[in-house]
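Can you read through this structure? Questions will come right after.
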Amino acid sequence: MSVPTQRATRHDVCPLDDLPVGEGRAYVVGGEQVALFRRRSGKVSAVQATCPHAGGPLADGQIDERVVVCPLHQNAFDLDTGESTTGQPPIAVHPCSVDPDGRVTVEL
Amino acid sequence: MTATTTRTSALPQQRDHKRRLVVVGNGMAGVRAVEEVLERGGAQQFDVTVFGAEPYGNYNRIMLSHVLTGQEQEDSIFLNSLPWYTENGIDLRAGVAVTRVDTFAKVVHDAEGGTTPYDVLVIATGSSPFFPTMEGLRREDGSMLDGVFGFRTLDDTRALLAAAREHRRAVVIGGGLLGLEAAHGLATHGLQVDLVHSPKHLMNQQLGPEAGRVLRRVVEGLGITVHTGVRTKGVHGTDRVTGVELPDGRVLDADLVVVAAGIRPNTTVALASGLDVERGIVVDDRMRCEGGAGDVYAVGECVQHRGQTYGLVAPLWEQASVLADHLTGADPTAEYHGSRTATKLKVAGVDLVQMGLPGPENDDDEFVVFSEPHRGVYLNVVVRDDRLVGATLLGDVRKTTFLQQAFDQGLPLPEERMSLLFDLGTPGEEVGVAELADDAQVCNCNGVTKGAIVQAVEGGATSLNAVMGATKAAKGCGSCKSVVEQITQWAAGGNLTVDESANWYVPGVPMAKPELMTAIRERGLKSVSAVFRELAPGGAEDAKSKMGLTSLLRMMWPEGIEEERDGRFINDRVHANIQRDGTFSVVPQMKGGVTTPEQLRTIADVADKYDVGMVKVTGGQRIDLLGVKKEDLPRMWKDLGMPSGYAYGKSVRTVKTCVGTDFCRFGLGDSTKLGIDLETRFQGIETPAKLKLGVVGCPRNCAEAYVKDIGVVAVGNGKWEVHVGGAAGASVRKADLLATVDSPEEVITLAGRFIQFYREWGNWLERTYEFVPRLGIERVRAVLVDDSDGLAAGLDERMQVTVDNYRDPWLEGQEPVTPGQFRTSLPLVDLPLVPRRPAGAPGGLVPEVHSNSNATPSTAEVSR
Ligand code: SRM
Ligand SMILES: Cc1cc2nc3c(=O)[nH]c(=O)nc-3n(C[C@H](O)[C@H](O)[C@H](O)COP(=O)(O)OP(=O)(O)OC[C@H]3O[C@@H](n4cnc5c(N)ncnc54)[C@H](O)[C@@H]3O)c2cc1C
Ligand code: SF4
Ligand code: FES
């Protein structure tokens, strides 16, 4: 797991419009793979892009306001805490926000 | 809670003081004993302290096998959670091991240096895996090589699961119950497993040689390589294990080794405390320890009673009950006289129950055997003096309940011994649950009697789930579930409630399908988010319900719904099937399995151009291009210019055909043309689960129509049989004959009517092989063929609208529907990572890369 230990840097990642509502997209942020999700409520989350179970691409998963479900074997992870609700190891969650000018930034 | 007591002098026992009961061992036996004590009002008599070396509450050790396969999650196997101890005023010292007991001073010494006085002590330390001496198993400093595991605790299981995710080859040493369950668990994670067992046949403790041989065939059928009569010579590896050496010098490569070569009672504490120990801690019929000074008892796998030690849970329920009778004074005459044990193997796909003797011992023992090795069936019973003293049921366990009762209670046996193994058609063979005695133990794993289930039902538990929750029945190996269900039904009379959520169409909206459809129609809901907003508790979305709702809405509103891309599973967002490494597979439509040189040329060119990992002919009669990058999908479809074959959809998939009248000398009908027509008409239509069709030109059935969701068979004179509800996947079921019709047109109408019926009434993910038997073929026939309910015209009409509104989704590839629809989701991984298999190479290349869980950051910066 890659919870940042040193000083985190803010990275400007993409315009919010690049994230379709309710879906995920993956980016390379500071040399790491990060999956961004835009929930229907508008909240954006940034988590590690690969599933700890068997490396599934989490950005291809389905989400609700609480969890992302991995497309490969349907393990689920809380988008805010990273905890798995299906007994897998947790995933890394990175602080993430949307600037007033509509850009998504991630701290890593 | 884990603060240790440091009072050293034991208070003299006083009448008005509660006595101090200290239990060493927080496992299944120790905590069961405490539960039994509490049940007898023990809370008034005792202050209870429990020491447990493991840092957890009490869990069901049996279920570790299911945790290893992934069938159960860790948190669902706890029998007593930490709050349970607090609620019952029990001082739990979780993670604190006891080192010795001073039975004269009546003080327990623990590994943290604490001392705890007691008035009554119970030792329930269980047992540990036995590691036989093997060359190379330990490093010079005595520590075990990395990659060597036992299989006893939750921590062992977690470590095994972690190792299984990272490695590919495992060797399991020991072919008993535990070894087989470990091997199966690892195999389900895709590991290549070798099982090495030194006796001549598997489960030799429980089975005779013949049964062992049949079991071996069955286990090998699961993909596990079995070596019997082979003693492991040694283990290879300097720091981490790399292989296991056999006596003939052969080395089995291994990334991990599980040693399941037996268990040994944990007797260290007892020995250090001066108690009598032979193979286990010696106890009398009241579970009292010999040696040392009084008031010390022992229960569970650590004990030896009348020369016998046990490795199963059933005996410890009886022991705990006798012990509690003595401790609380509830029944000072209670005695334990030993247990008759039965073993059940918890390996999916292998039904095995064994009780008592594996075979005859005396000259006049009766022995009835039935063996059918190629089907994996072996059954026997041993009868002595008209009583059942042994039974082995492998591959057919239908008679378990009866035999178990006969074995446990010495019931009179039927004259005709054969009927012990088979239902001979005479009535009253199954022991009706009504006749079972109240104290008959139904669930051996959790020691639950029929009486306890009846009590639970009377106490208000009126669904199977509620009874299972209240009594823990059927929560062990699960083999008694059907009996528990029957008793629940019987006890509840007409008042049985079914578990509500089991009927919901999707987990996130508490409504069964008909109810949900009515609500959707009444409110005119046309998007997944609208359904959640209006019908889900608190309006909350549920990720796992989205796909099912999208399918339902598309069925209900054929003219179109308010599309929400996040309502679709990834496959339906990009129209290809996601693979284990995040690449996709593309299966172009090839109606009826018929293709042309031009199509093949196009496919070949595309395969070259996009450098696909493998080109494969599928079991569905078309061609699969595997290992395709997501980014390449739109251009690839454009180059292919062929529609999707829906190999990924919960929808109509393929129609397999045979060559029929045009070419086959036996052909009775033009199966090829009919197959193509069916596929053309119904292509891509959403169904509750995938739907596969087959059309054959005669009953020789070359395209396997009898085992399809819809199978059509030409029978001559222009007649066609339409069969429904067949399958040959995880379940194999021959389809039921729905009707025989007179023309291909009628086949198409009837097939369409069936599909629409299934779309409207089938549960989400319910295949037709479940749907048809659920309703019964007679009912299906009445509705679809005889139009008993006046539904036929409506079904036909709605199917026609659906067909008219069909659009080929591959067309959308050209213009992405959402930003980044085809962006990679693993930007730093060099895709594809699936093994590459050049055409014609026997077996292809050795797959070097099989999963990318440790994706190394590499090249591709992604364009933003
Ligand atoms: C490609 C193919 C194997 C092959 O190389 O031949 C295949 C591949 C997969 N099958 Fe299959 N099945 C394929 C023919 C079959 C058949 C044979 C047939 O259709 O005649 C069956 C048995 C028939 C049946 O379904 O009754 C079959 C029974 C299954 C099952 C068991 C379903 C069941 O309920 O019993 C699954 C698992 C599931 O659906 O949950 C499955 C699931 C899968 C999946 C889709 C697993 C998945 O969800 O990712 C595999 C996709 C691999 C991939 O990465 O692309 N596949 N699968 C075949 C594609 C046929 C096609 O052209 O569409
Ligand atoms: C994977 C697996 C599958 C199984 N499947 C089945 C099955 O299908 N059917 C069946 O009947 N049986 C099965 N068993 C066996 C069954 O689990 C045991 O019979 C049962 O757990 C024995 O209970 P116990 O309390 O005696 O021992 P345990 O459950 O092992 O409990 C002993 C506890 O004492 C603790 N302890 C030991 N020494 C000390 C100390 N010095 N201080 C403090 N605490 C200590 C241990 O940490 C442990 O928690 C299975 C076992 C395993 C491992
Ligand atoms: S293709 Fe089918 S049989 Fe083969 S591994 Fe995948 S699901 Fe199993
Ligand atoms: S890889 Fe994510 S659930 Fe298996």
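The values are calculated or read from the model by the stated rules, or taken from the named source; none is laboratory data. These figures come from a predicted structure and were not determined experimentally. Don't worry about glycine lacking a Cβ; one is built from the backbone with ideal geometry, like all the others, and counts go over all protein chains shown. To get the accessible areas, we keep the full protein, side chains included, count just its heavy atoms, and leave off ligands, DNA and RNA. Shrake-Rupley method; radii C 1.70, N 1.55, O 1.52, S 1.80 Å.
Name the pairs: first residue in region B:275-297 and of a type in the set (Phe, Trp, Tyr), second residue open to solvent by 40 Å² or more (accessible area, probe 1.4 Å), Cβ to Cβ under 8 Å, at least 6 apart or on different chains?
B:Tyr297/B:Arg286; B:Tyr297/B:Arg288
Here's something else I'd like to know. Restricting to strands (runs of 3 or more DSSP E) lying wholly in region B:636-754: which have 3 or more residues that are within 16 Å of ligand 1 (Cβ to nearest atom), more than 14 Å from chain A (Cβ to nearest Cβ) and in contact with a strand residue (DSSP E or B) (Cβ under 8 Å, 6 or more places away or on another chain)?
Answer list for region B:636-754: B:652-657, B:691-696, B:710-716.
Can you tell which of A:Val68, A:Val21 is more than 16 Å from ligand 1 (Cβ to nearest atom) and closer than 18 Å to B:Pro827 by Cβ?
When all the criteria are applied, what remains is A:Val68.
Going by the structure shown, is B:Leu831 assigned to a helix (DSSP H, G or I) and either modelled with pLDDT under 65 or farther than 20 Å from B:Ile578 by Cβ (or both)?
No, not satisfied.
Related question: Regarding B:Ala342, is this residue of a type in the set (Gly, Ala, Ser), within 16 Å of ligand 1 (Cβ to nearest atom) and away from chain A (no Cβ under 14 Å)?
No: the conditions fail for B:Ala342.
Turning to a different aspect of this structure: Tell me, please, whether a residue that is more than 14 Å from chain A (Cβ to nearest Cβ) and under 33 Å from the mean Cα position of the chain (by Cα) can be found in region B:588-610.
Taking every residue of region B:588-610 in turn, none turns out to be more than 14 Å from chain A (Cβ to nearest Cβ) and under 33 Å from the mean Cα position of the chain (by Cα).
Sort through B:Thr583, B:Thr550 and tell me the only one that's within 18 Å of B:Ala689 (Cα to Cα), within 14 Å of another protein chain (Cβ to nearest Cβ) and more than 16 Å from ligand 2 (Cβ to nearest atom).
B:Thr550
While we're looking at this one, here's another question. Does B:Val528 meet the test of being crowded, with 19+ Cβ neighbours inside 10 Å, away from chain A (no Cβ under 11 Å) and closer than 24 Å to A:Asp60 by Cα?
no
Enumerate the pairs (first residue in region B:372-401 and open to solvent by 50 Å² or more (accessible area, probe 1.4 Å); second residue anywhere and assigned to a strand (DSSP E or B)) with beta-carbon separation below 7 Å, excluding pairs fewer than 6 apart on the same chain, so at least 6 apart or on different chains.
none
Specify which of the listed residues (A:Gly31, A:Gly61, A:Gly56) is within 29 Å of B:Ala163 (Cα to Cα), open to solvent by 10 Å² or more (accessible area, probe 1.4 Å), out of contact with any helix residue (DSSP H, G or I) (no Cβ under 6 Å at 6 or more places or on another chain) and within 11 Å of chain B (Cβ to nearest Cβ).
A:Gly31
Scan region A:36-52 residue by residue and report those that are surrounded by 24 or more Cβ atoms within 10 Å (Cβ to Cβ) and within 7 Å of chain B (Cβ to nearest Cβ).
A:Ala49, A:Thr50
So in region A:69-92, with the set limited to residues that are β-branched (Val, Ile, Thr) and facing another protein chain (nearest Cβ under 7 Å), which one is farthest from the chain's Cα centre (by Cα)?
Taking the candidates together, the pick is A:Thr86.
Results for (1) within 30 Å of B:Thr341 (Cβ to Cβ); (2) more than 16 Å from ligand 2 (Cβ to nearest atom); (3) within 14 Å of chain A (Cβ to nearest Cβ), shown as yes or no for each residue.
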| site | (1), (2), (3) |
| --- | --- |
| B:Gly447 | yes, no, no |
| B:Gly469 | yes, yes, no |
| B:Lys472 | yes, no, no |
| B:Gln486 | yes, yes, no |
| B:Ala491 | yes, yes, no |
| B:Asn495 | no, yes, no |
| B:Tyr505 | no, yes, no |
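Just need a number here: residues in region B:337-360 that are out of contact with any His (no Cβ under 9 Å at 6 or more places or on another chain), in a strand (DSSP E or B) and over 10 Å from B:Gly390 (Cβ atoms).
Total meeting the criteria: 5.
Which of the residues that make up region B:541-570 are within 16 Å of ligand 1 (Cβ to nearest atom), in contact (Cβ under 8 Å) with a residue 12 or more places away in the chain and open to solvent by less than 10 Å² (accessible area, probe 1.4 Å)?
B:Gly548
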